[in-house]
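> Sending over a structure as structure tokens; questions will come in a sec.
What follows draws every value from the coordinates through simple rules; no lab data is involved. Since this is a predicted model, take the numbers as computed values, not measurements. Heads up, the Cβs are rebuilt from the backbone with ideal geometry, glycines too, and the neighbour counts pull from every protein chain shown.
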Amino acid sequence: MRICVYGAASPTIDQEYKDITEEMGKEMVKRGHSLVFGGGGNGLMGAVAKGVKGANGKILGVIPKFFDDEDIEAICGFCDTLLEPETMRERKQLMEDNADAFIVVPGGIGTYEEFFEILTLKQLCRHKKPIAIYNIMGYYDSLFAVMKGAIDKSFIKENCLDLFKITDNLDELFNYIENDKLSYTVKDLKEG
């Protein structure tokens, strides 16, 4: 399975997040999976790629050309394949198209945006790929609370929580990714 990992690119992240994410990358390969990711060389993106590479796994990086041209972010130097689209929209589409499942590790604005876009597409039944949030050290507890609050106020249907798994347990995370067989229609998931 090709698993797309969304996560932080910042080089200033606490090392414990990096270590845990690197181990996740190693576990991906042990379970027979390859990595699709944003092509960054630092932060949790760099950590997952390091873990996958260290376990002799395959890596597809997707990073816009302007990141290199404008020296925005370090690029992972050991991808098996590195795609350099022109725009962020093209980047996300390439990542989505080349993935069979998605894992979200801690990250910032870009990671939140990627998660909500892929979740929205699943809610609209544009894909049926598994989505899992790896809730390292409770990073996404607040996000989950916000979503529960929106459900309580009827802005989101409760069964939308079935569209993804949030866990801090690595085995649970991969078991979900490998076995998710959710089947809903748009009307089951969205009022409108």
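> How do Ile109, Ile72 line up, fewest other C-beta atoms within 10 Å first?
Placing the least packed residue first, the sequence is Ile109, Ile72.
> Starting with the fewest neighbours, write out Val186, Val5 ranked by other beta-carbon atoms found within 10 Å of each beta-carbon.
Least to most surrounded, the residues fall as Val186, Val5.
> Among Val62, Gly107, Ser154, whose Cα lies farthest out toward the positive end of the dipole of the chain, if unit charges sit on the beta carbon of Lys, Arg (+1) and Asp, Glu (-1)?
Toward the positive end, the furthest listed residue is Ser154.
> So, one more: Would you report the distance distribution of C-alpha pairs in region 2-187 as whole percents per 10 angstrom bin, up to the bin with the largest distance?
P(r) for region 2-187, in whole percents per bin: 10, 39, 36, 14, 1.
> Mind checking which of Gly138, Gly43, Gly25 has the largest fluctuation in a GNM of the chain, springs on alpha carbons under 10 Å?
Gly138
> Quick one: longest stretch of the chain between exposed loop GluC sites (Glu not before Pro), exposed meaning at most 12 other C-beta atoms within 10 Å and loop per DSSP?
87-190
> Could you tell me the relative contact order of the chain? Use alpha-carbon pairs under 8 Å, at least six residues apart, and round to a whole percent.
Once divided by the residue count of the chain, the mean separation gives 20 percent.
> Which value, in debye to the nearest 20, describes the size of the charge dipole of the chain about its Cα centre when Lys and Arg Cβ atoms bear +1, Asp and Glu Cβ atoms bear -1, and nothing else is charged?
The dipole magnitude comes to about 660 debye.
> Within a 10 angstrom radius of the beta carbon, how do Lys128, Lys50 rank from fewest other beta carbons to most?
Details: Lys128 12, Lys50 19.
Lowest count first: Lys128, Lys50.
> What pairs in Lys18/Lys148; Lys30/Lys50; Lys30/Lys129 have C-alpha atoms more than 19 Å from each other?
Pairs exceeding 19 Å: Lys18/Lys148; Lys30/Lys129.
> Quick one: of the DSSP bridges fully inside the chain, what percent are antiparallel, nearest 5?
5
> While we're here: Return one number: the angle in degrees, 0 to 90 and rounded to the nearest 10, between the long axis of the Cα atoms of helix 15-30 and the longest principal axis of the Cα atoms of the chain.
So the inclination is approximately 90 degrees.
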